[in-house]
1. Expressed as a whole percent, how much of the Cα-Cα distance distribution for segment 1-82 exceeds 22 Å?
2. Expressed as a fraction of 2.2 N^0.38 Å, the rule-of-thumb size for a compact globular protein of N residues, what is the C-alpha radius of gyration of segment 89-203?
3. Can you list the HN-Hα couplings for segment 177-183, worked out from phi with the Karplus curve (6.51, -1.76, 1.60; θ = phi - 60°), rounded to whole Hz and with x for Gly and Pro?
4. List the trypsin sites (Lys or Arg not before Pro) within segment 114-153 that DSSP assigns to loop and that have no more than 12 neighbouring Cβ atoms inside 10 Å.
5. For a paramagnetic label modelled at 7 Å from the Cα of residue 170 toward its Cβ, which residues of segment 110-141 fall within the zone defined by backbone nitrogen distances under 14 Å?
6. Residue-wise, which Karplus ³J(HN,Hα) couplings in Hz belong to segment 64-73, taking 6.51 cos²θ - 1.76 cosθ + 1.60, θ = phi - 60°, and x for glycine or proline?
7. What full-extension length gain, to one decimal in nm, is calculated for residue 149 and residue 177 as 0.36 nm per residue of separation minus the Cα-Cα distance?
8. Just tell me which lysines come within less than 18 Å, Cα to Cα, of residue 126; anything on the same chain fewer than 8 places away is out.
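Coordinate-derived values only; no laboratory data. What you see is a predicted model, and the numbers here were worked out from it, not measured in a lab. For neighbour counting, all protein chains shown are included, and Cβ atoms are generated from backbone atoms with ideal geometry for every residue, glycine included.
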Amino acid sequence: MKVSDINKLRKAMEKELESKRYEHTLSVAYTAANLAMVYGEEVDKALTAGMLHDCAKCMSHSKQIAVCAKNHVQLSEAESVKNSPLIHAKAGSVVARTKYQITDEDILNAICYHTTGRPNMSMLEKIVYIADYIEPGRKHAENLPQIRRLAYQDLDAALCNILKDTLAYLSKKGGQVDPMTQKTYDCYVNQKTNNGENIQDCK
């Protein structure tokens, strides 16, 4: 994608999103670009996925449901709950494809799974998921300074930590856990175990 195209997406998001959401979007996009440079991913793809990851966030929940239904997107029970904070990811993937003409499946998947993760994520999917969690505007997440450092050293270990802390937070608050998040955590812990790697940071 050309720089001019990314600038168009940036201007579009500035119009579509509330100011705080737009600031978060820019921060995620640039954090994703930084991680892409470190791990050899295409920077333009990271910028595009980061710029569009919350493109459906300001839609009403009913509209998000309608977008998914119209495009035959299956939703989990957690995503279907009224005012679920998860469904915007799948709705956003549809909007990125239909409104912003994004055809790259890796970018669309990075948008789609940035809230729940999924087993065996691509490099770009991991980058956007992690960037959404560690971007500079985030202040209160558990173990955030350590995870920020880890993200630039071991992407999978950072991913495990984020998933672990997310599951712990939801359990403590009595929030509904999407089964995909638990499956994703289990997947990466098992991968590290099977590879004989140090899994201390993941458990």
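1. Everything past 22 Å amounts to 38 percent.
2. 1.08
3. 8, 6, x, 5, 5, 5, 4
4. Answer in residue order: 139.
5. Residues passing the 14 Å test: 113-119.
6. So the J values, rounded to whole Hz, are 4, 4, 5, 4, 5, 5, 4, 9, 6, 8.
7. 7.4 nm
8. Reachable lysines: 45, 90, 164, 183, 192.
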